[in-house]
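To keep things clear, I will list the structure first and then write my remarks on it.
The values are calculated or read from the model by the stated rules, or taken from the named source; none is laboratory data. Note that the structure is predicted; figures quoted are calculated from it, not measured. Every residue, glycine as well, gets a Cβ built from its backbone with ideal geometry; the counts of neighbours run over all protein chains shown. Just the protein is used for accessible areas: all its heavy atoms, side chains included, with ligands, DNA and RNA removed. Shrake-Rupley method; radii C 1.70, N 1.55, O 1.52, S 1.80 Å.
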Amino acid sequence: MKLKVCGMKYHDNMLAVANLQPDYMGYIFWEPSSRYFNGSMPKIPDNIKKVGVFVDTSLSDIIKTIATYDLQAVQLHGKESPDFCKALGATAQGIEIIKVFSIKDDFDFQLLTPYEKVCDYFLFDTKGKLPGGNGYTFSWEVLQSYPSTKPYFLSGGIGLEEAGKVADFLSRPESEYCYAIDVNSKFEIKPGEKDIALLKAFKQNI
């Protein structure tokens, strides 16, 4: 099971999180976010993949940001079309593409079909006022109807207190294609600054 820590913002905090060896670290390039990142990025271990999070950003701007920060993955949190994802994959070869879908109480999984061949992963987050970081979970029972074999990230309001629930979910058949757990707001001292002790405890618990 992979771990992604998203919403990184502060230099020293990034280094502290990197010491915990998550598999992914996410940087939000959506200006309205309180976790918006536009600073300098420290050198982190090569085995940790840097993910750029975008919301309906132009292809050219995404490509520019990938080059500026040497990103290994892109997370698309807006209304990006399958054609957009295909174009991104063709232009930024070798970059992992994660397409986000927001869920509340139910979800039409047929929406995933056009994205099957143009994304590397899906990410399921909680539908809320913001594109992400809303701080609460959706009903994971919805994933009992997951029809795909595409690996996915489980996201949305996951904190230390959900560690037992996560462990229980990972023992169920619907978690077969759950590739990673994505955490953010529930581990924050303030937006963009993660509580290292909480993250360490969560990683040990799952």
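Just a few scattered comments:
- The lone exception for residue 86 - which of (1) assigned to a helix (DSSP H, G or I); (2) open to solvent by less than 60 Å² (accessible area, probe 1.4 Å) it fails: (2)
- Residue pairs whose Cβ atoms lie under 6 Å apart, sitting 6 or more positions apart in sequence or on different chains, and linking a residue in the range 187-206 that is among the aromatic types (Phe, Trp, Tyr) to a partner that is at pLDDT 95 or above and not in a helix (DSSP H, G or I), are 187/194; 187/195.
- Test result for residue 26, of a type outside the set (Lys, Arg), in contact (Cβ under 8 Å) with a residue 12 or more places away in the chain, farther than 19 Å from residue 196 by Cβ and not in a loop (DSSP other than H, G, I, E, B): no
- Sole exception among (1) over 17 Å from the mean Cα position of the chain (by Cα); (2) aromatic (Phe, Trp, Tyr); (3) within 23 Å of residue 69 (Cβ to Cβ) for residue 146, by number: (3)
- If only residues of the range 53-82 that are part of a helix (DSSP H, G or I) and either in contact with a Phe, Trp or Tyr (Cβ under 6 Å, 6 or more places away or on another chain) or touching a residue at least 60 places away in the same chain (Cβ under 8 Å) (or both) are counted, the one that is nearest to residue 154 (Cα to Cα) is 82.
- Filtered residues of the range 149-192 (kept if surrounded by fewer than 15 Cβ atoms within 10 Å (Cβ to Cβ) and among the small types (Gly, Ala, Ser)): 164, 167, 171
- Residue match in the range 199-206 (condition: of a type in the set (A, V, I, L, M, F, W, C), modelled with pLDDT under 95, closer than 29 Å to residue 16 by Cα and assigned to a loop (DSSP other than H, G, I, E, B)): yes
- Among (1) open to solvent by less than 20 Å² (accessible area, probe 1.4 Å); (2) aromatic (Phe, Trp, Tyr); (3) modelled with pLDDT of 95 or more, the one test that residue 140 misses: (3)
- Leading residue by the ranking (modelled with the highest pLDDT) among those in the range 101-124 that are part of a strand (DSSP E or B) and open to solvent by 10 Å² or more (accessible area, probe 1.4 Å): 121
- Residue check for residue 61: out of contact with any Asp or Glu (no Cβ under 8 Å at 6 or more places or on another chain), of a type in the set (D, E, K, R) and open to solvent by 40 Å² or more (accessible area, probe 1.4 Å): yes
- For the range 11-37, the candidate set comprises residues that are over 18 Å from the mean Cα position of the chain (by Cα) and within 23 Å of residue 67 (Cβ to Cβ); within that set, the residue that is least open to solvent (accessible area, probe 1.4 Å) is 15.
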